[in-house]
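To keep things clear, I will list the structure first and then write my remarks on it.
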Amino acid sequence: MNRRQFLSAGASALACIGLPPRPARAHIRPQVMRFSCSNGISSQQGQYAVAFAAQVQALSGGRLRIEVYPSSSLGGEAETIADTSKGVLEMTLVSSAGYAAVAPRLGVFDIPFLFRDVAHARAVLDGPIGQQALSEVEAAGLVGLAWGENGLRHLTTATVPVTKPEDLAGLKVRVPQSEIMVKGLKALGADARPLSFPELYGALSSGEFQAQENPLSNILSSNFDRVQKYLSLTGHVYSPAMLVMSRRAYDGVPEEDRPLLHRAARIAARTSRDYGDQSEASATAELKRRGMTVLTDIDRQAFMTASLRTQGEFEALFGPATLAAIRAYGK
């Protein structure tokens, strides 16, 4: 008796004793979606991506699978937001260089010293203002799933310690591809110029830029300590990140599974925030251990006063009521 005859006889025998033959095990082929982020896995963006992928896998029972592409492996934020908008890429987690490129009014969150502290910023994004802001990207063929975060942005420099606005005079500082960030840093006295994140390390190494600003986890994971000597804990901008999904990809997900994408995105945001809170102190200590000089005696009031030079310009762009609502939220 060959194998096929044996299996057939076994099935007949089961039927004879009243037991149905065992059905063939169904093979579930998951719907795979690509997730791009500009920073490494050890950054807040990277931790968001990992948490989101795990939640989607769990909540969907394996029907949906997220493949994470960190460290700008699919391009910088300007490229990935464009690809996601066109439906070439399924989803990307971007800072304002991405989301404000397709929804300019969202550049409001890049204004230096707009938020009182991290708790205030998170409350704004989790509340009506932030939830309404997620819908701003819809006109570009995108679905805003949730707000994550890059964290507080701090300044690093190669040769000049910075503790007050005057120290920035004439200093070539790289900022993200954000018009508001450029204006804001120029108001503080810097010679601020935009550059995509993947090009940053090389530009610092070559001396094209003398300084840059980023959240601590990005500074650490990108090894900027190798090309920068001073770390100034300015906390001048709170940097949100938005998880955006291609409308085409979103509509391609079964309707009953779409709510779990939003839920997974919100859970991942909490994971990312917890990671940021835990890593802030440890990242500072590690950068100091690596040889950076950490400056904590920042004249924050002087920086805040200098930032008011652009108050009228930002009110003209976003409306005084918008700025007032954000600043007063939660008071």
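A compact table of results
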{"read-out": "Candidates Y250, Y275 - the one that is open to solvent by 20 Å² or more (accessible area, probe 1.4 Å), over 17 Å from S217 (Cβ atoms) and either touching a Pro at 6+ places or on another chain (Cβ under 7 Å) or not small (G, A, S) (or both)", "value": "Y250"}
{"read-out": "Filter result for L308 (at pLDDT below 95 and among the aliphatic types (A, V, I, L, M))", "value": "yes"}
{"read-out": "Residues of the stretch 204-238 that turn out to be of a type in the set (S, T, Y) and closer than 17 Å to A190 by Cβ, as a count", "value": "3"}
{"read-out": "Scan of the stretch 288-331 for residues that are part of a helix (DSSP H, G or I) and aromatic (F, W, Y), ordered by number", "value": "F303, F314, F318"}
{"read-out": "Search result, residues across the stretch 285-331 that are among the hydroxyl-bearing types (S, T, Y), in contact with a Gly (Cβ under 9 Å, 6 or more places away or on another chain) and open to solvent by 30 Å² or more (accessible area, probe 1.4 Å)", "value": "Y329"}
{"read-out": "Within the stretch 134-186, tally of residues that are outside any loop (DSSP other than H, G, I, E, B) and β-branched (V, I, T)", "value": "8"}
{"read-out": "All helices (runs of 4 or more DSSP H) inside the stretch 35-115 with 3 or more residues being in contact with a Pro (Cβ under 6 Å, 6 or more places away or on another chain) and over 18 Å from L152 (Cβ atoms)", "value": "none"}
{"read-out": "Count - residues of the stretch 61-80 that are surrounded by 22 or more Cβ atoms within 10 Å (Cβ to Cβ) and aliphatic (A, V, I, L, M)", "value": "1"}
{"read-out": "Selection status of I267, in contact (Cβ under 8 Å) with a residue 60 or more places away in the chain, open to solvent by 30 Å² or more (accessible area, probe 1.4 Å), in a helix (DSSP H, G or I) and of a type in the set (A, V, I, L, M)", "value": "yes"}
{"read-out": "Selected residue (only one of A203, A190, A249 is without any contact (Cβ under 8 Å) to a residue 24 or more places away in the chain and of a type in the set (A, V, I, L, M, F, W, C))", "value": "A190"}
{"read-out": "In the stretch 207-233, the residues that are open to solvent by 10 Å² or more (accessible area, probe 1.4 Å), farther than 14 Å from A281 by Cα and not in a loop (DSSP other than H, G, I, E, B)", "value": "S221, D225, R226, Y230"}
{"read-out": "Members of the stretch 134-187 that are open to solvent by less than 50 Å² (accessible area, probe 1.4 Å) and among the basic types (K, R)", "value": "R153, R174"}
{"read-out": "Residues that are in contact with a Gly (Cβ under 9 Å, 6 or more places away or on another chain) and β-branched (V, I, T), drawn from the stretch 77-101", "value": "T80, I81, T84, T92"}
{"read-out": "Flag for D83 being open to solvent by 40 Å² or more (accessible area, probe 1.4 Å) and either touching a strand residue (DSSP E or B) at 6+ places or on another chain (Cβ under 9 Å) or within 21 Å of N214 (Cα to Cα) (or both)", "value": "yes"}
{"read-out": "Residue identified as touching a residue at least 24 places away in the same chain (Cβ under 8 Å), touching a Pro at 6+ places or on another chain (Cβ under 9 Å) and within 25 Å of R247 (Cβ to Cβ) among G148, G141, G184", "value": "G148"}
{"read-out": "Test: residue in the stretch 188-205 that is charged (D, E, K, R), surrounded by 23 or more Cβ atoms within 10 Å (Cβ to Cβ) and assigned to a strand (DSSP E or B)", "value": "no"}
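Residues checked against (1) modelled with pLDDT under 95; (2) closer than 29 Å to K229 by Cα; (3) of a type in the set (D, E, K, R):
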site	(1), (2), (3)
D257	no, no, yes
L260	no, no, no
E280	yes, yes, yes
R327	no, no, yes
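The values are calculated or read from the model by the stated rules, or taken from the named source; none is laboratory data. Since the structure is predicted, the reported quantities are computational estimates derived from the model, not experimental observations. When we count neighbours, we look across all protein chains shown, and the Cβ atoms used for this are built from the backbone with ideal geometry, even at glycine. Accessible surface areas use protein heavy atoms only, side chains included; no ligands, DNA or RNA. Shrake-Rupley method; radii C 1.70, N 1.55, O 1.52, S 1.80 Å.
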